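Accompanying notes for the structure given below.
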Amino acid sequence: MKLLTLAVFTGTGFLVFYIVGCQDLDFSSIPDFDCEAELDVEGVECIDPGIDATLYDEEGNPIDEGGNNDGSGSGDDGGDDGGTDPDRTRVYRPRPNTAINTVLGKINILFVVDNSASMTEELRSIANQFTSFLDDIKKTDYRIAIITTDWENDRGRFLLFPNGQKFLSNPNGDSSVHNQNVAYFQQVVKRPVGNNDDERGIYALNMALDNAGHSDFFRPHSLFMVIIVSDEDERSFGGKVPEGCFGEVPQLETYDLPETFFRKVSHHNQYSIVEVHSIITPPGNYPCNSKQIYGSVYASASNPSDAIMARYGNIRKGHVGSIRATDYSSQLGPIADTLLNVSPVPLPCFPIADSVSLQVEGRRVNFRLEGRQVVIEDKVSFGSKARVAFRCDKSRQ
């Protein structure tokens, strides 16, 4: 895309006009969670909450069952907020009422590739050098799909691989299948470039979320990783005239904004943890006639604000690499590093902290909570079976 000069002489000087799109977005919280309504989701189990027979003192410390308490308690004593024994000031804690049973290590990777004319050489390099990254993830239960920034022609549709499939997978960890997947990936990435220089990677990403035909790609209880590869920015200039330049640039629309993606993915992919990684032009002050444009919008998608992460609870920061690097393997290294350990287990709601329990292969393991994520602190293996029991914090729904 070329930046067109637009200046108006007023008699005393020049006025420069450009449009920057600003939209009010609805940052409502994630939808209310009701276990009974979610039973069609793989692995979701509603359990009888009852009342925990263990008694606790006012500081939350367990009281020996041999004490004066008889362990009795009805559902009316507990409710959602716990019940209190007025004679002993001991607290009855309701048990979790929802459990998720899943297999650890599921990763869904969506590449958003800039296929404009300026990316011809980069696409060839990507095809040749992404092999090591794909090899790094071969132990995981991965799915890989590709869309392009050509929102007008490809419209966020997954590109088909030579085997006729919309995404690559290897659930059984077969080496020959993985090697074939690598070859398929290389063939599709270096396909002929498009003619549309209005690059809209975030727009295409939001369109991909809207496409009902992609629903089988987005598995529950998984890590959803987006990798954007571009030598420019959303709508080429990110909706802003480069500093020191005169001109008009296309404004950003709602679907061009990372905030729209975070809102949509948190509403419609409640059971996923989301990361956006960007391989773009490094930050810098480039001349107006330079072909180098820093991908500010893409970088902001990889570095969401603390407010966004706190609001949705399933968003994590990503990595920003350089499209100008001669070795893409080194740029992808930090991204691959995030996959060396089992990803957190995403929950469909913000849980009450002391209601959460985690078992992996039938044994309790250490964990911590980060928003709606159960982060496993012990070493566990990919493919392990996990069970997380929890209660939703209704005040945050």
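The values are calculated or read from the model by the stated rules, or taken from the named source; none is laboratory data. The shown structure was predicted, so the numbers you read here are calculated from the model rather than taken from an experiment. Neighbour counts are summed over all protein chains in view; Cβ atoms, including those assigned to glycine, are modelled from backbone coordinates with ideal geometry.
Structure values in brief
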item	result
Candidate set: the range 359-380, residues that are free of Cβ contacts under 8 Å to residues at least 60 places away in the same chain and within 22 Å of the chain's Cα centre (by Cα); chosen: the one surrounded by the most Cβ atoms within 10 Å (Cβ to Cβ)	Val374
Hits in the range 345-379 - residues which are of a type in the set (A, V, I, L, M, F, W, C) and more than 20 Å from Phe224 (Cα to Cα)	Ile352, Ala353, Val356, Leu358, Val360, Val365, Phe367
Selection from the range 243-282 of residues that are among the aromatic types (Phe, Trp, Tyr) and modelled with pLDDT under 95	Phe246, Tyr271
Checklist (1) closer than 24 Å to Arg324 by Cβ; (2) modelled with pLDDT under 90; (3) in contact with a Lys or Arg (Cβ under 8 Å, 6 or more places away or on another chain) applied to Trp151, failing item	(1)
Contacts under 9 angstrom Cβ, first residue in the range 320-343 being modelled with pLDDT under 80, partner hydrophobic (A, V, I, L, M, F, W, C) and in a loop (DSSP other than H, G, I, E, B), 6 or more apart	Tyr328/Phe130; Ser329/Phe130; Gln331/Ile323; Gln331/Ala325; Leu332/Phe130
Among the candidates Ser236, Ser175, Ser215, residue that is crowded, with 16+ Cβ neighbours inside 10 Å and of a type outside the set (D, E, K, R)	Ser236
Cβ pairs under 7 Å, 6+ apart, first in the range 31-42 and more than 12 Å from Ile100 (Cβ to Cβ), second small (Gly, Ala, Ser) and surrounded by 11 or more Cβ atoms within 10 Å (Cβ to Cβ)	none
Residue match in the range 342-357 (condition: among the β-branched types (Val, Ile, Thr), more than 30 Å from Pro31 (Cβ to Cβ), out of contact with any Cys (no Cβ under 8 Å at 6 or more places or on another chain) and part of a loop (DSSP other than H, G, I, E, B))	no
Those helices (runs of 4 or more DSSP H) lying entirely in the range 188-304 with at least 1 residues without any contact (Cβ under 8 Å) to a residue 60 or more places away in the chain and among the polar types (S, T, N, Q)	201-210, 296-302
Candidates Gly201, Gly244, Gly239, Gly194, filtered to the one that is on the phi > 0 side of the Ramachandran plot, of a type in the set (Gly, Ala, Ser) and touching a strand residue (DSSP E or B) at 6+ places or on another chain (Cβ under 9 Å)	Gly239
